[in-house]
1. Trp181 accessible area, nearest 10 Å², 1.4 Å probe?
2. Any idea of Ser110's accessible area? Nearest 10 Å², probe 1.4 Å.
3. Please list, ordered by chain and number, the residues whose modelled amide H lies under 5 Å from the amide H of Glu49; skip anything fewer than 5 residues away on the same chain.
4. Could you tell me the calculated FRET efficiency between Glu100 and Ala35, based on Cβ-Cβ distance and R0 = 45 angstrom, to the nearest 0.05?
5. Under the Karplus relation 6.51 cos²θ - 1.76 cosθ + 1.60, θ = phi - 60°, what is the ordered set of whole-Hz ³J(HN,Hα) values for region 35-45, x standing for Gly and Pro?
6. Give me the lysines in straight-line cross-link reach of Lys66: C-alpha distance below 30 Å, same-chain residues under 8 apart excluded.
7. Can you give me the distance in nm between label points at Gln43 and Lys108, each placed 7 Å from the Cα along the Cα-to-Cβ direction?
8. Which whole number in µm²/s is D for the chain by Stokes-Einstein, with the Kirkwood Rh taken over Cα pairs at 25 °C and 0.890 mPa s?
Amino acid sequence: MAGNGFAAGLRTLNDFRKWTKRKYDAPSPRAVRKACLARNSTQGATWVETGTFKGDTTAFLSGFSKKVYSIEPEPTLVENAVRRFANTPNVEIIKGTSEEILPDLLPKLSGDINFWLDGHYSAGTTFQGAVETPIADELATITKSLKNFALVSILVDDVRSFYSRQPENQGYPPLDFLVDWARDNGFFWTIEHDIFIARNY
C-alpha cells in the first residue's frame with residue numbers, strides 16, 4: 001500500500017510539472033480536477049457518469065457518494081471496469097451508450113443527483129458513436145427528468161472543445177449551447193479547470 005501511495009504521489013507531482021510547463025493550460029492535473037468535482041457537487045448524492053474509461057474518476061466519486069452509475073459502451077473498458085469494481089457495492093457499471101441508457105435509468109432515480117458528462121470520443125480505446133459528443137442528447141434526457149430530482153449538479157468535461165476551432169472539435173456544439181441550457185432550466189453556471197458546471201442551488 002505504501003508503494004502505491006508513493007507512486008500516486010510521483011504521478012501527481014509529474015502532472016503538476018507538466019501543467020506548469022504548459023503555463024497552466026487545460027487540462028488541469030487530475031488532483032485539481034478531482035477537487036473541482038468534489039467542491040461543485042452535492043456530497044452523498046447519487047452520481048451518474050457517462051464515459052467510465054479506466055474508472056479512476058469512478059473510484060474517486062464512489063468515495064463520497066451514495067451510488068455511482070457509470071455508463072460505458074466500449075466492451076473492453078466495460079469488462080475492465082466490472083472487474084475493478086466487483087467489490088465496490090456502491091458502483092454499478094452499465095454497458096451501453098448514454099443515449100441508450102439514460103432514458104431508462106433517470107426516471108428510476110430521485111433526490112439529490114450529480115452528473116459527470118464525459119462520454120465523448122477521445123481517440124485510442126474510447127468509443128466513437130454517430131456523433132463526436134452525445135452532450136445534446138444527454139442534456140435533453142436530463143431535462144425530462146429534472147422534476148424528479150432535488151439538488152442537481154451537472155459537470156461537463158473538456159469544455160475547451162466547445163469553443164475550439166480545431167478540426168477534431170467540429171462535432172461539438174458551441175459553448176453557448178451549454179450556457180443556454182443552464183439558463184433555460186434555472187441553473188447557475190460557471191467554468192473551472194476545463195469543466196462546465198451547472199447547479200440549481
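1. 30
2. 80
3. HN-HN under 5 Å from Glu49: Tyr69, Ser70, Ile71, Trp116.
4. Working: r = 32 Å, r/R0 = 0.71.
Efficiency, from the Cβ-Cβ distance: 0.90.
5. Taking θ as phi minus 60°, the curve returns 4, 5, 4, 5, 6, 9, 10, 8, 5, x, 7 Hz for region 35-45.
6. Lys34, Lys54, Lys95, Lys108, Lys144, Lys147
7. Placing both labels 7 Å along Cα→Cβ, they lie 2.9 nm apart.
8. Values: Rh = 17.5 Å.
The estimated diffusion coefficient comes to 140 µm²/s.
The values are calculated or read from the model by the stated rules, or taken from the named source; none is laboratory data. In this text, all values refer to a predicted model and were calculated from it rather than measured experimentally. We place every Cβ from the backbone using ideal geometry, glycine too, and count neighbours over all the protein chains shown. Only protein heavy atoms, including side chains, enter the accessible area calculation; ligands, DNA and RNA are left aside. Shrake-Rupley method; radii C 1.70, N 1.55, O 1.52, S 1.80 Å.
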